[in-house]
Amino acid sequence: MPKQVSRAQRANFGLSILSPKEYKVQRGSINILPSGSFIVDFRSTLQPTDGLVAEEILLVDPLKEDVQIHALPSRATMCEAKLTKPRHRYSICELPEPHNTIYLEALALIEEIKQRTPMLTLHMVDGKCTMMCNSPLPDIEILLRVTPPVQSIPSKAMFRIRLFRRLQRLEFAQRTSNERSSEWLKRIVPSIDAHPFVLAAEFNSLDHLEKRGLQILKKFILVCDSALELGLNPIESGDDPLCLADTLDEEPTFASDFTPNFVPDLASSLPPRPLRKHRT
């Protein structure tokens, strides 16, 4: 079952950057439309205890805070269906049961999709940093390639940090994989808002790789905050050019962990343009 949706999440709900398409979920499907509305179709998994008519689907418009209940034959697919006049129409705040329960479950499932959907990815020489699209406090993931210990069977190792800011949890995980097996070893600890993101007693017990991951996390959060501000606030055209000149003189903030030299220079890889003879 999906996690419960809090009152604050319900009030601030949005689809973020999710693409308009059909998303398969454990209860059926959620179809996001280009208009920003979405269809909740749980017909295939409805139980008698759900109290919902087996042919009903929900058409939700988050902007208008409006929910339409449509009847759809159980064998009809969403691509075949043409929604016409709704059977019922409600304001979201007045949505009765059992439709309200289905609606809240759909919100929780959409939040899970957003937790797995990258909004921003920063590639590094030895890994990548990802901010998911479950804003306003998006989850953040740091993934690093590490050198595994010498073994008789060649293997690969990955180290991962996940910061769940809404839940105030931090996950450390390491995976070692070879031709025979692949296994994640995970550890979850309480987190705090600022670096080092864990309590002092926990920080003192971390190894070098875990502390390095937290340093990268500290720097990447600055990138995330700037990206969120850029995406949420309009850019004014009347900025003071003197202020802009000051920012151009600043020294780079990030250390070698973020050196983007893994990306080849496209221009340097192209053959030289042939010379053309001009007519005289």
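The values are calculated or read from the model by the stated rules, or taken from the named source; none is laboratory data. No experiment lies behind these values; they were computed from the predicted model shown. Glycine gets a Cβ as well: all are built from the backbone with ideal geometry, and neighbour counts include every protein chain shown. Remember, those area values only see protein heavy atoms, side chains included, never the ligands or the DNA or RNA. Shrake-Rupley method; radii C 1.70, N 1.55, O 1.52, S 1.80 Å.
Which residue, of Arg187, Arg212, Arg180, Arg276, is among the basic types (Lys, Arg), at pLDDT 90 or above, out of contact with any Pro (no Cβ under 6 Å at 6 or more places or on another chain) and over 22 Å from Met124 (Cβ atoms)?
Arg187
For the list (1) within 15 Å of Val146 (Cβ to Cβ); (2) open to solvent by 70 Å² or more (accessible area, probe 1.4 Å), I need the number of the one condition that Glu210 fails.
(2) is the only condition that Glu210 fails.
Is it the case that some residue within the stretch 104-123 is touching a Leu at 6+ places or on another chain (Cβ under 6 Å) and outside any loop (DSSP other than H, G, I, E, B)?
For the stretch 104-123, residues touching a Leu at 6+ places or on another chain (Cβ under 6 Å) and outside any loop (DSSP other than H, G, I, E, B): absent.
Could you please tell me which pairs satisfy a Cβ distance under 9 Å, a separation of 6+ or placement on different chains, a first residue in the stretch 45-61 that is at pLDDT 70 or above, and a second residue that is open to solvent by 40 Å² or more (accessible area, probe 1.4 Å) and of a type in the set (D, E, K, R)?
Glu56/Arg87
Would you check which residues across the stretch 165-186 are outside any loop (DSSP other than H, G, I, E, B), closer than 25 Å to Pro136 by Cα and of a type in the set (D, E, K, R) and list them?
If the condition is that a residue be outside any loop (DSSP other than H, G, I, E, B), closer than 25 Å to Pro136 by Cα and of a type in the set (D, E, K, R), then Arg169, Glu171 are the ones that fit.
Residue-by-condition table, conditions (1) among the charged types (D, E, K, R); (2) without any contact (Cβ under 8 Å) to a residue 60 or more places away in the chain; (3) surrounded by fewer than 15 Cβ atoms within 10 Å (Cβ to Cβ):
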position	(1), (2), (3)
Met124	no, no, no
Pro138	no, no, no
Lys156	yes, yes, yes
Gln168	no, yes, yes
Glu179	yes, yes, yes
His195	no, yes, yes
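What pairs come up if the first residue lies in the stretch 82-110 and is touching a residue at least 12 places away in the same chain (Cβ under 8 Å), the second is among the hydroxyl-bearing types (Ser, Thr, Tyr) and in a helix (DSSP H, G or I), and their beta carbons are under 9 Å apart, counting only those six or more places apart or on different chains?
Once the first residue is touching a residue at least 12 places away in the same chain (Cβ under 8 Å) and sits in the stretch 82-110, its partners that are among the hydroxyl-bearing types (Ser, Thr, Tyr) and in a helix (DSSP H, G or I) give Ile92/Tyr103; Leu95/Tyr103.
Taking Glu229 as meeting all but one of (1) buried (at least 16 other Cβ atoms within 10 Å of the Cβ); (2) modelled with pLDDT of 55 or more, write down the number of the exception.
So the condition that Glu229 fails would be (1).
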